[in-house]
Amino acid sequence: MLKAFRDILEAHGCEVYEAENGEEALIKYAEVKPDIVLMDILMPRLDGISATKRILQDDPSAKIIVISAVGKSGLEKECLIAGARQFIVKPFKIKELISSINSLAKE
């Protein structure tokens, strides 16, 4: 799944860095300081909500889009309270993801 995301995002001009789990995401963020983070909720070793909170503790200006297979409104609210800028439910249309990335990039 990561490869498919990478290929699509790179085809749209994005530079992509990957992390296999939440702890690795924290390390990668500190190294790269990407413009936008796509964060999955369900990750090993540290879930996406916790990783989002920790990234934002270190960098309050971080722009994070949370992606989840679970579309519960309570989960979306929790992510937004944690500091995520947007919440996208899988499956989604690539146009929706690219639109979200572009709108955050303009902020």
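Read-outs: derived from the displayed coordinates by stated rules, not from any lab. Only a predicted model underlies this, so the values are computations on that prediction, with no experimental measurement involved. Note: ideal-geometry Cβ built from the backbone for every residue, glycine included; neighbour counts use all protein chains shown.
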Practice task
Specify whether the C-alpha gyration tensor of the range 57-107 places it in the rounded, prolate or oblate class, a ≥ b ≥ c being the square roots of the eigenvalues: rounded for a/c under 1.5, otherwise prolate if a/b is larger than b/c and oblate if not.
Solution key: oblate
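In whole percent, what relative contact order does the chain give with Cα contacts below 8 Å and a gap of six or more residues?
22
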Practice task
Filter the chymotrypsin sites (Phe, Trp or Tyr not before Pro) in the range 28-107 to those in DSSP coil with at most 13 other Cβ atoms within 10 Å of their Cβ, and list the result.
Solution key: Phe92
Completion exercise
Expressed in nanometres to one decimal, the distance between label points 7 Å along Cα→Cβ at Val16 and Lys77 is 3.4
Problem - Isotropic mean projected area of the C-alpha convex hull, the chain (nm²) - result: 6.2
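Ala69 to Val32: extension gain in nm, 0.36 nm per residue of separation minus the Cα-Cα distance? Spell out each step's value before the answer.
Values: separation 37, 0.36 × 37 = 13.32 nm, distance 2.66 nm.
Between Ala69 and Val32, full extension yields an extra 10.7 nm.
So which trypsin sites (Lys or Arg not before Pro) in the range 1-62 pass both tests, a DSSP loop state and at most 15 other Cβ atoms within 10 Å of the Cβ? Don't skip to the answer; put the middle values down first.
Details: sites: Lys3, Arg6, Lys28, Arg45, Lys53, Arg54; in loops: Arg45.
Answer by residue number: Arg45.
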Fill in the blank from the handout: Quick calc: nm separation of the 7 Å Cα→Cβ label points for Ile8 and Ala105 -> 1.6
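Note down the magnitude of the dipole of the chain about its Cα centre, charges +1 on Lys and Arg C-beta and -1 on Asp and Glu C-beta and zero elsewhere, to the nearest 20 debye. Please list the in-between numbers first.
Details: 15 positive and 17 negative charges, 77 e Å.
It works out to roughly 380 debye.
Need the full-extension length gain, Lys93 to Lys53, defined as separation in residues times 0.36 nm minus the C-alpha distance. One decimal, nm.
On the way: separation 40, 0.36 × 40 = 14.40 nm, distance 2.66 nm.
The Lys93-Lys53 span can extend by a further 11.7 nm.
Hey, got a sec? Which GluC sites (Glu not before Pro) in the range 1-102 land in a DSSP loop and have at most 10 other Cβ atoms within 10 Å? Walk me through the numbers on the way to the answer.
Values: sites: Glu10, Glu15, Glu18, Glu20, Glu23, Glu24, Glu31, Glu76, Glu78, Glu96; in loops: Glu15, Glu18, Glu20.
Of the GluC sites (Glu not before Pro), the ones in loops of the range 1-102 whose Cβ has at most 10 other Cβ atoms within 10 Å are Glu15.
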